[in-house]
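FYI, it's all coordinate maths here, none of it is from the lab. Being a predicted model, the structure only gives us computed values, none of them experimental. Cβ: placed from backbone, ideal geometry, glycine included. Neighbour counts: every protein chain shown.
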Amino acid sequence: AQSVSQHNHHVILSEAASLELGCNYSYGGTVNLFWYVQYPGQHLQLLLKYFSGDPLVKGIKGFEAEFIKSKFSFNLRKPSVQWSDTAEYFCAVISGNTGKLIFGQGTTLQVKP
Amino acid sequence: GAVVSQHPSWVICKSGTSVKIECRSLDFQATTMFWYRQFPKQSLMLMATSNEGSKATYEQGVEKDKFLINHASLTLSTLTVTSAHPEDSSFYICSAENTGELFFGEGSRLTVL
C-alpha cells in the first residue's frame, strides 16, 4: 500500500540546535512532496513543497528539505531551531497516480528555551 | 494566500444526532475539496474527495451513508456526520486546492456524548 513514514514521533531540542526530520514515501512514479506545520491551536500551514527542479527546496522560516529520489526521502532540516518552532510537523505526498494528498504520522517538535 | 474557513470550530452533540460541518473557500473557487479526520496524536486521514456538482469519492473504509458530503457550490462543501456516536468524536479538517497548493481550514472538533 502507498504510505508516508515519518521516523521521529517526538523530538526535543534546545534552542540553536540543528534539526532534521525524516520522511520516506513508498510511491513509485511522479510525486509532489510537502511539509506542513501545525502550531499549537492553529491550522495547518505549508512550510515548503517540491514539484520538480532543484531537489533542495527552501521554505519559510529558515526551513529546507532535500528530495532524494533514490532513497524515496524528503527530509526536513533547519540549521538552528527557535522556541517558536515548537509545533507538529507533517510530511505529505501527492502521487501522480492518485492525485490525493497523503500525510505521514507527524512529528512533534519541542524546542526548549 | 488563499483562505479556507470551517464552521463550527467545535461542536458537542448527543449520541444519535446529526452534525453538519461547513468548509468555505473565502477568496477563490474550489471545484474539489478534501475532508480529513485527525485522531489525537495521529496523522490526518483522508476521508473523501468532495466534487462540486457531483458525488463525493470516499476512501476505503469510510461509510458514505454516515459521512454525507455535499459540494453544492464552488465555495462550499459540507460534511454531515449522521447518527453520531462517541467513536465519531474527532478533529475534522477540510482543504481546498488553489493554484496547485492545498489550503486547510482551521478544523472542527466534534465531541459526541
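Brief remarks follow.
- For chain B: rounded, prolate or oblate by the Cα gyration tensor [a/c cutoff 1.5]: prolate
- Cα gyration tensor, chain A - rounded (a/c under 1.5), prolate or oblate: prolate
- Region B:1-69-region A:36-113 distance, computed between alpha-carbon centres (Å): 23
- For the protein assembly as shown, the normalised intensity computed at q = 0.12, 0.14, 0.18 Å⁻¹ comes to -0.66, -0.89, -1.35 (log10 of I(q)/I(0), Debye sum over alpha carbons, equal scatterers, no solvent).
- In order along region B:80-86, the Karplus-derived 3J(HN,Hα) couplings, from 6.51 cos²θ - 1.76 cosθ + 1.60 at θ = phi - 60°, round to 10, 8, 8, 6, 5, 10, x Hz, and Gly and Pro are given as x.
- Neighbour counts of other Cβ atoms within 10 Å put A:H10, B:H7, A:H43 in the fewest-to-most order A:H10, B:H7, A:H43.
- Whole-Hz ³J(HN,Hα) from phi, Karplus 6.51 cos²θ - 1.76 cosθ + 1.60, for region A:57-65, glycine and proline x: 10, 9, x, 7, 6, x, 7, 9, 8
- Residue by residue, region B:14-27 carries 3J(HN,Hα) couplings of 7, 4, x, 8, 10, 10, 10, 10, 9, 10, 10, 8, 7, 10 Hz when phi is fed to the Karplus relation 6.51 cos²θ - 1.76 cosθ + 1.60 (θ = phi - 60°); x denotes Gly or Pro.
- Of B:K20/B:K55; A:K71/A:K112; A:K61/A:K100; A:K78/A:K100; A:K49/B:K66, those spanning more than 25 Å from alpha-carbon to alpha-carbon: A:K71/A:K112; A:K61/A:K100; A:K78/A:K100; A:K49/B:K66
- Separation of the B:L76 and A:Y39 label points, Cα + 7 Å toward Cβ, nm: 3.1
- Between the beta carbons of A:D54 and B:K55, assuming R0 = 45 Å, the FRET efficiency works out to 0.65 to the nearest 0.05.
- Model label sites at B:K20 and A:K100, defined 7 Å from Cα along the beta-carbon direction, differ in position by 2.7 nm.
- Estimated FRET transfer efficiency (B:K66, B:T31; beta-carbon r; R0 22 Å; 0.05): 0.35
- Magnitude of the charge dipole, the protein assembly as shown, Cβ model with Lys/Arg +1 and Asp/Glu -1, debye to 20: 180
- Under 15 Å, Cβ to Cβ, from A:V57 - net charge with Lys/Arg +1 and Asp/Glu -1: +1
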